[in-house]
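Have a look at the structure below before the remarks.
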Amino acid sequence: DPTSDVSKKVFVAGTFDIIHPGHIEFLREASKYGRVYAVVARDSNSEKIKGRKPINDEQTRLEIVKSIRYVFDAILGDQEDFLKSVERINPDIIFLGPDQKVNENKLLEELRKRGLNPQIIRLRERIKRWNHSSTTDIINEIKKRYCNS
C-alpha cells in the first residue's frame, strides 16, 4: 500500500515522447511510493522497441520529464544495457506501467545477479479518464484530423 515514503527510491522508465495525461497519472501513482527517478529511453532504443523514431529527441524528452512535479530526478537510459540504469539508481521499488512488456520474474532474477533486490510494483491498468492515454492515440488523432489521405 502506498505511503509516500520519501526515503524510498522509485524507478520508472519509458520513452515519454508526447507527454499526455496517462504519463502524468503513471508518474503520480509512482510518486505515492517514494521519490521517482525516471529513466528516459534513448532515441535508438525507443526506435527498436516501438518501431518508429520518437517525435521528440532524447534531450527534449529528458528536459520535459525532469520538469514534471512527480519526478525527483531523470536521466537518459544506457544505450546497451537497460539494467545499468537500474544499477545506477539502485531503487527500492521498480514501478511498471500496465503496457510495459517486462517479465517481472526474469527482471528480478537478473537484478539479483547484480546484487539488487528491489520490489516490483505494476500499475495494473491505465486510468481511463482520458481521451488520449497513449502517444500512438495522439498521433493517430492528429493524422485523422489534419492529414487528408
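The values are calculated or read from the model by the stated rules, or taken from the named source; none is laboratory data. For clarity, every value in this text was computed on a predicted model and none was experimentally measured. Here the Cβ is made from the backbone with ideal geometry for all residues, glycine too, and neighbour counts use every protein chain on show. The accessibility values were calculated without ligands, DNA or RNA, using every heavy atom of the protein model including side chains. Shrake-Rupley method; radii C 1.70, N 1.55, O 1.52, S 1.80 Å.
Out of the range 21-40, which residues are open to solvent by 20 Å² or more (accessible area, probe 1.4 Å) and not in a helix (DSSP H, G or I)? If the condition is that a residue be open to solvent by 20 Å² or more (accessible area, probe 1.4 Å) and not in a helix (DSSP H, G or I), then K32, Y33, R35, Y37 are the ones that fit.
Checking the conditions here, which among D73, D81 is acidic (D, E) and under 15 Å from the mean Cα position of the chain (by Cα)? Criteria check complete, one pass: D73. Among the residues of the range 76-93, some residue qualifies, meaning at least one is under 18 Å from L116 (Cα atoms), touching a residue at least 60 places away in the same chain (Cβ under 8 Å) and hydroxyl-bearing (S, T, Y).
Going through the range 64-88 one residue at a time, which ones are assigned to a helix (DSSP H, G or I) and open to solvent by 80 Å² or more (accessible area, probe 1.4 Å)?
In the first step, residues of the range 64-88 are kept if they are assigned to a helix (DSSP H, G or I); the result is 64-66, 82-88.
Listed by number, the residues that qualify are K66, F82, K84, R88.
Is one or more of the residues making up the range 3-14 surrounded by fewer than 19 Cβ atoms within 10 Å (Cβ to Cβ), modelled with pLDDT of 95 or more, in contact with a Phe, Trp or Tyr (Cβ under 7 Å, 6 or more places away or on another chain) and part of a loop (DSSP other than H, G, I, E, B)? Yes, the range 3-14 has at least one match.
Of all residues in the range 89-120, exactly one satisfies the criterion of being open to solvent by less than 80 Å² (accessible area, probe 1.4 Å) and at positive phi, namely G115. Looking at the range 119-131, is at least one residue within 25 Å of G51 (Cα to Cα) and assigned to a strand (DSSP E or B)? Looking for residues that are within 25 Å of G51 (Cα to Cα) and assigned to a strand (DSSP E or B), one finds at least one in the range 119-131, hence yes. Among residues of the range 43-62 that are closer than 19 Å to Q100 by Cα, none has a Cβ under 7 angstrom from a residue that is surrounded by fewer than 12 Cβ atoms within 10 Å (Cβ to Cβ) and of a type in the set (A, V, I, L, M) at a sequence gap of 6+ or on a separate chain. Every test in (1) closer than 19 Å to P21 by Cα; (2) touching a residue at least 24 places away in the same chain (Cβ under 8 Å); (3) open to solvent by less than 30 Å² (accessible area, probe 1.4 Å) is passed by I139 save one, and that test is (3).
Somewhere in the range 16-30, is a residue β-branched (V, I, T) and at pLDDT 95 or above? Checked the range 16-30: no residue is β-branched (V, I, T) and at pLDDT 95 or above. With the requirement that a residue be among the charged types (D, E, K, R) and either closer than 19 Å to S44 by Cβ or part of a helix (DSSP H, G or I) (or both), what does the range 89-110 give you? K101, E104, K106, E109, E110, listed by residue number. Screening the range 41-54 for residues that are within 22 Å of E87 (Cβ to Cβ) and loosely packed, with under 15 Cβ neighbours inside 10 Å and picking the one that is modelled with the highest pLDDT gives S44.
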